[in-house]
Amino acid sequence: MKDARIDRRLFLRGIGGVTAGVAAATALSGCGTGTSRAGAASGGKGGKTVVVRDSGGSYGAALQKAIYTPFTQETGIQVKVLNLDDAPLLAQIKQGRPQCDLINNSMMSHTKYVKQDALEALDLDRIKSVKSAKIPENQITDHAVGSSFYGACMAYRTDAFGGKKPESWADFWDIKAFQGGRSMCNPDGDLPELEFALLADGVPMDKLYPLDVDRAFNVLTRLRGDIKKFWDSGPLPGVLLSRQEVTMSTVWDGRIADLQKQGVPVTRQLNGMRRQFQGYAIAKGAANADNAYQLMDFSLRAESQAALAKAFPSNPSSPVAYAKLTDDERNALAGAPKYYDKGFDTDIDWWLKNESTVTKRWLEWARG
């Protein structure tokens, strides 16, 4: 299963790798369940087709059920899906031949696309749901709008600590009080988890950025010997916890519910959760831009975001969407009002400036 997460392997090689990817773009044009450019263009402007890029897997299946099928039923516009990674998609756009119209991706990736002049500037007057769904202002940019977020948080075995419950990242670092192995992500899985180290060392959540990199690595080093494995995919923390190879791990928040349904004695701790938003943008030169606007507008409706949250552990960006869920559905989500203030938004600008340097240092630290 692919995850709706940043395509880290490709972007850590740098957007400069797009040039090398141009030649491969044509070969990858049939990737996933996508359609050919000719097929996408056949509808023309005002036609009855729109091609959307998403990451596939169970997330893609949920989008089909909650968004694409209802959209087609309402508008008559057929939605074709393209599962394509960032490098070949950027290569297509640079060639002036994007296969997709609407791009569902992380807001961080969208920001990188903007630097490559790969996205259309949005006319927000054509996306009425931005106002009706009360999308937060910090998730509305000139080229993309945030639709949901995932949270990186802590998960732990409830049978491991004699009834004690870890309440903070300081507890994650406290091996004496909370014994057992730990797992954290590597840069193929997500951004290096410097923020958690700083929170564990007493930095207030609202004072994290700009990150004190030296201090963060010093704190990470204190835990290095107890980190049994660095995970690089969404399911792996759950596997490690299920096998009792570790007692605590960083994790994407939506993964815990599946483990609990399987009877694994685990739960999550959302204090200090790091939020990263997913959103929509329109590819530069999209053949079906009008239809892309309609699908974006439909997807951002509070009703649509709530429907997606019922089909997949997706945290809506719209505060209105949570009111359309039952208490149980709402409280299962990390974005529920009762939890929201426990976390913080990732500073995309800081990470864009420092990601490459931090990642190189992290790899050297992990090997050491």
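The values are calculated or read from the model by the stated rules, or taken from the named source; none is laboratory data. None of these values were measured; they are calculated from a predicted model. Neighbour counts are summed over all protein chains in view; Cβ atoms, including those assigned to glycine, are modelled from backbone coordinates with ideal geometry. Each accessible area value is taken on the protein alone, full model and side chains, heavy atoms only, with ligands, DNA and RNA left out. Shrake-Rupley method; radii C 1.70, N 1.55, O 1.52, S 1.80 Å.
Details
- Residue match in segment 350-365 (condition: modelled with pLDDT of 95 or more, within 19 Å of the chain's Cα centre (by Cα), farther than 14 Å from ALA66 by Cβ and not in a helix (DSSP H, G or I)): no
- For first residues located in segment 39-65 and within 21 Å of SER109 (Cα to Cα) and open to solvent by less than 10 Å² (accessible area, probe 1.4 Å), partners that are polar (S, T, N, Q) and modelled with pLDDT under 90 and lie 6+ apart or on another chain with Cβ distances below 7 Å form the pairs VAL51/THR35.
- Unmet criterion (only one of (1) open to solvent by 10 Å² or more (accessible area, probe 1.4 Å); (2) farther than 21 Å from ASP86 by Cβ; (3) among the polar types (S, T, N, Q)) for ASN291: (1)
- Matching residues in segment 139-155 - criterion: being under 19 Å from SER299 (Cβ atoms) and either buried (at least 22 other Cβ atoms within 10 Å of the Cβ) or of a type outside the set (Asp, Glu) (or both): GLN139, ILE140, THR141, HIS143, ALA144, VAL145, GLY146, SER147, SER148, PHE149, TYR150
- The residues on offer are VAL239, VAL264, VAL320, and the sole one that is of a type in the set (A, V, I, L, M), open to solvent by 20 Å² or more (accessible area, probe 1.4 Å) and outside any helix (DSSP H, G or I) is VAL264.
- For ARG222: the one exception among (1) modelled with pLDDT of 95 or more; (2) surrounded by 15 or more Cβ atoms within 10 Å (Cβ to Cβ); (3) not in a loop (DSSP other than H, G, I, E, B): (2)
- Residues satisfying the stated conditions in segment 44-84, i.e. among the hydroxyl-bearing types (Ser, Thr, Tyr) and closer than 27 Å to TRP252 by Cβ: SER55, SER58, TYR59, TYR68, THR69
- Output for segment 323-360, where each listed residue is surrounded by 13 or more Cβ atoms within 10 Å (Cβ to Cβ) and farther than 26 Å from LYS207 by Cβ: LYS324, LEU325, GLU329, ARG330, ASN331, ALA332, LEU333
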